[in-house]
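Encoded as structure tokens, the structure appears first; notes follow it.
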Amino acid sequence: MKRKAILLLVFLCFCAFAKAQISTQDYRIDSLQFKMYTRIYVGPQLQVDSITVRKIFCDWCSESQIDILHQEAMRQSMIERYNPKYRKPGQHRLALYVRFSKEDFKNLNSTDGY
């Protein structure tokens, strides 16, 4: 009987520890995630002709925050242009996700840049 009680106690401690670890790994607790659509246009000679940001999903962002998100979308698209699946002529659509900590994103209003 004593052995069952000890095993039950160890099991409950393990479950509590596992639940605590799962909740600390969730990004939604301390950060914000934004979705952005961009397009890469590749010319017939496999050169990138242009990169445009089509849409940034943030209804409550200020202008300075939208500008920072726009810059980040351009930066990620510039990196993605080297992906082999975008080395074909034509238009390629990208969906990008960016995460900022809540404190850093709040501070974007008061500073000009990163």
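At a threshold of 8 angstrom on Cα-Cα distance, excluding pairs fewer than six apart, so keeping six or more, what relative contact order does the chain reach in percent?
The value is 33 percent.
Among (1) 77, 38, 21; (2) 44, 26, 21; (3) 48, 25, 23, which one is Cα extents along the principal axes in Å computed from these coordinates?
Of the labelled values, this structure produces (1).
Grab the Cα-Cα distance for Phe57 and Tyr37, subtract it from 0.36 nm times how many residues apart they are, and report the gain in nm with one decimal.
Contour length minus the Cα-Cα distance gives 6.3 nm.
Share of the chain's accessible area from carbon and sulfur, percent, 1.4 Å?
57 percent
Report, in degrees rounded to the nearest 10, the 0 to 90 angle that the Cα long axis of helix 63-80 makes with the longest principal axis of the chain.
80 degrees
Over the chain, give the accessible area per residue in Å² for a 1.4 Å probe, as an integer. All intermediate terms of the calculation are to be shown ahead of the outcome.
Details: 8660 Å² over 114 residues.
Dividing the accessible area of the chain by its residue count gives 76 Å².
What distance in nm separates the two pseudo spin-label positions at Ser64 and Cys13, each 7 Å out from Cα along the beta-carbon direction?
Here the modelled spin labels are 5.0 nm apart.
Compute the helix-to-body angle for 2-24: its Cα long axis versus the longest principal axis of the chain, expressed 0 to 90° and rounded to tens.
Tilt relative to the chain: about 20 degrees.
The values are calculated or read from the model by the stated rules, or taken from the named source; none is laboratory data. Small disclaimer: the values here were computed from a predicted structure and weren't measured. A quick note on method: Cβ atoms are made from the backbone with ideal geometry, for glycine too, and the neighbour counts reach across all protein chains shown. We work out accessible area using only protein heavy atoms, side chains counted, and drop any ligands, DNA or RNA first. Shrake-Rupley method; radii C 1.70, N 1.55, O 1.52, S 1.80 Å.
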